[in-house]
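*Asks:* Dropping a structure here in structure tokens format, bear with me for questions.
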Amino acid sequence: MIRTVLAVLFMCVVFASLASADPSGADASRGSRSLIERDAAVAVHQPGPHEGGGDTTAYPFFAQATDLGMVFRKRVLHRGSALGYHVQEFDEVFYIISGTGEYTLNGKSQPVSGGTAILTRAGDSHGLRPTGNQDLVMIIAYPKRAK
């Protein structure tokens, strides 16, 4: 399952970078169940998840695809924000695109930066905060929970 999530994550990052070359916003998926979405169309300002505080920008890609079994999003942690420290309920993958941060896993902190992939397993506790002067930009993928 994790290999599948990582493969999908990689392909989505590649496809997102290719799709961004067309600034027209045209939807090439008409007549298909496949989707193309762009940052500007889905951006939402939110406080840091899990009571992390501060200001973040979430990009909940494909949120309207009810039959998709995973969540795929980009999140920007702005200075002073964080993903609050919490117990993880399911496997989750972060891929840091840019910026620097401090990732805490089960009480132990370590630096992270662009090019870092993080797998947090169900039952572990974790949190993440940006460090330095730049935003911490990441892609997040995890299984969609049944409602």
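The values are calculated or read from the model by the stated rules, or taken from the named source; none is laboratory data. On a predicted model such as this, the values are computed, not experimentally measured, just so you know. Neighbour counts run over all protein chains shown; Cβ positions are idealised from the backbone, glycine included. Surface accessibility is based on the protein's heavy atoms, side chains included, excluding ligands, DNA and RNA. Shrake-Rupley method; radii C 1.70, N 1.55, O 1.52, S 1.80 Å.
*Asks:* How large, in Å, is region 45-114 by the Kirkwood hydrodynamic radius built from its alpha-carbon pairs?
*Replies:* Computed over Cα pairs of region 45-114, the Kirkwood hydrodynamic radius comes out at 13.4 Å.
*Asks:* In Å², what does the accessible area per residue of region 62-147 work out to with a 1.4 Å probe?
*Replies:* Result: 52 Å² of accessible area for each residue.
*Asks:* If you place +1 on the Cβ of every Lys and Arg, -1 on the Cβ of every Asp and Glu, and leave all else neutral, what size is the dipole of region 29-147 about its Cα centre, to the nearest 20 Debye? Mind dumping the intermediate values first?
*Replies:* Working: 13 positive and 11 negative charges, 59 e Å.
The calculated dipole for region 29-147 is roughly 280 debye.
*Asks:* Continuing with this model, one more query. Residue by residue through region 129-137, what is 3J(HN,Hα) from phi via Karplus (6.51 cos²θ - 1.76 cosθ + 1.60, θ = phi - 60°)? Round to whole Hz and write x for glycine and proline.
*Replies:* 9, x, 10, x, 9, 9, 5, 9, 10
*Asks:* A further question follows. Expressed as a whole percentage, what fraction of the accessible surface of region 45-147 belongs to carbon and sulfur atoms when a 1.4 Å probe is rolled over the protein heavy atoms?
*Replies:* Percent of accessible area from carbon and sulfur atoms in region 45-147: 50.
*Asks:* What is the distance, in nm, between label points placed 7 Å from the Cα along the Cα-to-Cβ direction at T100 and at K144?
*Replies:* Here the modelled spin labels are 3.8 nm apart.
*Asks:* Can you give me the solvent accessible area of L119 with a 1.4 Å probe, rounded to the nearest 10 Å²?
*Replies:* Rounded to the nearest 10, that gives 70 Å².
*Asks:* Loop-only check: which GluC sites (Glu not before Pro) in region 83-125 are DSSP coil with at most 13 other Cβ within 10 angstrom?
*Replies:* E89
*Asks:* Work out the FRET efficiency for T116 and A43 from their Cβ-Cβ distance, taking R0 = 25 Å, and round it to the nearest 0.05.
*Replies:* Rounded to the nearest 0.05, the efficiency is 0.60.
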